[in-house]
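What follows is a set of notes on a single structure, which appears directly below.
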Amino acid sequence: MKFEMPALELFNVLVPNDKVLVMDLDIDNKTHGGLLLDPRHYDKFKKGVVVLVGPGKFNEDKTKRIPMQLSSGDIVLFDLAIAKQININSKVFNIFDEAEGLLLKIGEVDENGEIELYADTKI
């Protein structure tokens with residue numbers, strides 16, 4: 001499956017502090033063995049691709065930024081209850097604090113746009 005990153009730089013989108021901007025990723029919700037995962041969980045957790053990350057929040061004495069753990073192209077499992085949906089150029093994105101909304105980093109998109117999951121991710 002190929003994924004094409006949206007060209008957000010054309011819209012002057014900046015993500016502040018420790019915020020993460022994620023685009024939904026529709027991956028089959030079944031195991032490698034073909035078992036379907038419980039659809040009751042689809043409305044709680046979502047898989048997505050990190051599109052933009054902020055520069056990180058400041059430390060307690062406000063002298064340095066704490067680096068972000070995620071980067072553009074990471075595939076994550078995130079909590080929909082924490083994420084806020086926003087529309088940018090008629091596309092829906094989710095934005096949340098890295099520490100609050102992120103559940104797992106489960107893969108990444110390589111330089112060719114191919115999706116690589118680290119393991120069979122079950123919700």
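Worth a mention:
- Tally of residues being modelled with pLDDT under 90 and within 12 Å of the chain's Cα centre (by Cα) across the stretch 77-97: 4
- As a summary of the residue check, Ser72 satisfies the conditions (1) surrounded by 14 or more Cβ atoms within 10 Å (Cβ to Cβ); (2) closer than 18 Å to Pro6 by Cα; (3) without any contact (Cβ under 8 Å) to a residue 60 or more places away in the chain except for the one numbered (3).
- Residues that are buried (at least 20 other Cβ atoms within 10 Å of the Cβ) and hydrophobic (A, V, I, L, M, F, W, C) were ranked within the stretch 81-94; the one that is nearest to Lys19 (Cα to Cα) is Ala83.
- Matching residues in the stretch 87-98 - criterion: being in contact (Cβ under 8 Å) with a residue 12 or more places away in the chain and assigned to a strand (DSSP E or B): Ile88, Lys91, Val92, Phe93, Asn94, Ile95, Phe96, Asp97
- Qualifying residue in the stretch 23-37 (condition: surrounded by 12 or more Cβ atoms within 10 Å (Cβ to Cβ) and at pLDDT 80 or above): yes
- Applying the condition of being modelled with pLDDT of 80 or more and touching a Gly at 6+ places or on another chain (Cβ under 7 Å) to the stretch 98-115 and asking which residue is surrounded by the fewest Cβ atoms within 10 Å (Cβ to Cβ) yields Glu108.
The values are calculated or read from the model by the stated rules, or taken from the named source; none is laboratory data. Quantities reported herein were computed from a predicted structural model and do not represent experimental measurements. When we count neighbours, we look across all protein chains shown, and the Cβ atoms used for this are built from the backbone with ideal geometry, even at glycine.
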